[in-house]
Amino acid sequence: KDFDPVEAAGGKDRAVVKEFEGIEVSDKLLIELVPKTPNPPPDQAPILQGVEAIREQMVSLGCSAPDFLLSTLQPAKGGELRLANLREKAFEGTLEITAPAGFVVEPKSVQVKLAGGDRTTLPLEVTLGGEPAAGDYEIPIRLLRPDGTVELERTAKLEHLGRRGRLTLNPVEDATVGQANPTTNRGTTAVLLVDGGDRKMGDGHHSLAYLKFALDVPGKPVSARLRIYNAGNPSGNSGQVCLVEGAWAEKTVTYDTRPKPGKELAQLGRVAEHEIVERPLPLDLDAKTELSLMIDPTGCDGIDYVSREGSKPPELIIEYEPNE
């Protein structure tokens with residue numbers, strides 16, 4: 001409180017290092033810098049240059065819980081619970097897993113023995129045990145010490161789709177095209193640049209992205225969502241998703257040969273750095289074998305989305321009902 005970095009450093013443009021010990025972190029560490037003056041100008045706002053986190057000691061076991069996705073089409077799902085004992089002393093206790101109503105979890109209880117520094121994985125399986133409503137559920141997980149006190153608590157997420165199935169597809173083709181190089185094909189880049197222009201919409205920096213998905217849905221499609229990943233740079237107005245009716249190919253499309261955008265399906269809006277962007281697409285995909293989309297820029301601050309050649313390719317998520 002009342003920390004003045006200039007005073008602490010003995011002048012401007014000097015580094016200040018502050019160290020805090022004994023900070024217990026059970027899940028995530030959140031660091032906030034709160035200015036003393038509300039809404040300070042940018043040149044007076046606090047800036048955090050770097051953080052180094054050093055583990056002093058482990059006060060509890062580490063645990064990573066899996067997520068589960070079930071439906072009447074897939075009534076059982078397996079996963080692994082991961083435990084780590086990074087303390088010096090061995091641990092013995094009991095793991096208890098509680099299934100929500102309408103589901104069965106196996107095992108319900110497991111004896112755990114972990115030497116200091118050891119890790120282990122425990123298989124879990126969740127199955128439908130009735131006819132629960134479609135929705136999101138939680139599976140409480142507790143690790144108890146021999147005296148019955150709680151060593152740790154976690155929650156596994158369970159999503160039940162009811163009578164629906166879910167299909168996640170990556171693009172079979174994608175490309176970005178730009179006015180700066182109107183005859184150049186950029187179908188194998190790791191990112192898809194979307195930019196309205198440098199100074200105004202449609203100038204020499206105008207760039208668009210195209211996505212093509214092959215559809216083979218084992219039922220009647222009832223909903224579709226597009227999920228794309230920001231490669232790094234944020235945007236205040238990152239574009240709109242449009243249907244594309246014209247033909248194009250990843251290895252040949254250029255700015256000069258690009259098909260025009262069709263019906264607008266979704267606005268992407270403001271996107272933060274490295275944000276995962278997901279938008280519903282109002283589409284009738286019944287009997288369709290292909291979906292072609294364009295990300296059309298709506299602002300001039302530019303954004304890169306990860307392409308199918310990148311580490312987190314775009315995804316089309318389709319939910320469907322089984323054919324009768």
| remark: Excluding residues fewer than 8 positions from Lys263 in its own chain, the lysines with Cα under 24 Å of it are Lys200, Lys212, Lys220, Lys288
| note | Relative contact order of segment 228-324 (C-alpha contacts under 8 Å, at least 6 apart) in percent is 43
| remark: Connecting every pair of Cα atoms under 10 Å apart in the chain and solving the GNM, the largest mean-square fluctuation among Val34, Val112, Val150 falls on Val34
| Rounded to 5, the percent of DSSP beta bridges in the chain classed as antiparallel | 95
| request: Report, by chain and number, residues whose modeled amide H sits under 5 Å from the one on Ala266, excluding near sequence neighbours (fewer than 5 apart, same chain). | output: Val241
| field | Separation of the Val51 and Glu19 label points, Cα + 7 Å toward Cβ, nm | value | 1.9
| message | Using Cα-Cα distances under 8 Å and only pairs 6 or more residues apart, what relative contact order does the chain have, in percent? | response | 17
| task | Give the cross-link partners of Lys108 among the aspartates and glutamates, using a straight C-alpha distance below 13 Å as the criterion and excluding same-chain residues fewer than 8 apart. | result | Glu96, Glu125
| task | Choose one answer from Val244, Val17, Val194: the residue with the largest mean-square fluctuation in a GNM of the chain with alpha-carbon springs under 10 Å. | result | Val17
| query | Which of the GluC sites (Glu not before Pro) found in segment 200-275 are loop residues per DSSP with 11 or fewer other Cβ atoms within 10 Å of their Cβ? | reply | Glu245, Glu273
| task | Read through the labelled values (1) 1.05; (2) 1.29; (3) 0.96 and report the label of the one computed as Cα Rg over 2.2 N^0.38 Å from the structure. | result | (2)
| query | Carbon-plus-sulfur fraction of the accessible area of segment 220-324, 1.4 Å probe, in percent? | reply | 46
| note | With only helices counted (DSSP H, runs n ≥ 4, each -39500 (n - 2.57)), the per-residue ellipticity at 222 nm for the chain, to the nearest 500, works out to -500 deg cm²/dmol
| remark: Unit-weight point scatterers at every alpha-carbon of segment 25-141, Debye formula, q = 0.09 1/Å: log10 I(q)/I(0) is -0.45
| task | For segment 156-197, report the accessible area per residue in Å² (1.4 Å probe, heavy atoms, rounded to an integer). | result | 42
| request: Between Asp198 and Ser311, take the C-beta separation as r, use R0 = 25 Å, and let me know the FRET efficiency to the nearest 0.05. | output: 0.35
| task | Would you work out what percent of the accessible area of segment 1-99, with all protein chains in place, is carbon or sulfur (probe 1.4 Å)? | result | 47
| query | Computed FRET efficiency, Cβ-Cβ of Asp4 and Thr257, R0 51 Å: what is it to the nearest 0.05? | reply | 0.30
| Mind checking which aspartates and glutamates have their C-alpha under 17 Å from Lys18, skipping anything on the same chain fewer than 8 residues away? | Asp2, Asp4, Glu7, Glu32, Glu52, Glu56
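The values are calculated or read from the model by the stated rules, or taken from the named source; none is laboratory data. All of these numbers come straight from a predicted model, not from anything done at the bench. Positions of Cβ are backbone-derived with ideal geometry, glycine not excepted, and every protein chain shown enters the neighbour counts. Please note that ligands, DNA and RNA were not included when accessible areas were found on the heavy atoms of the full protein model with its side chains. Shrake-Rupley method; radii C 1.70, N 1.55, O 1.52, S 1.80 Å.
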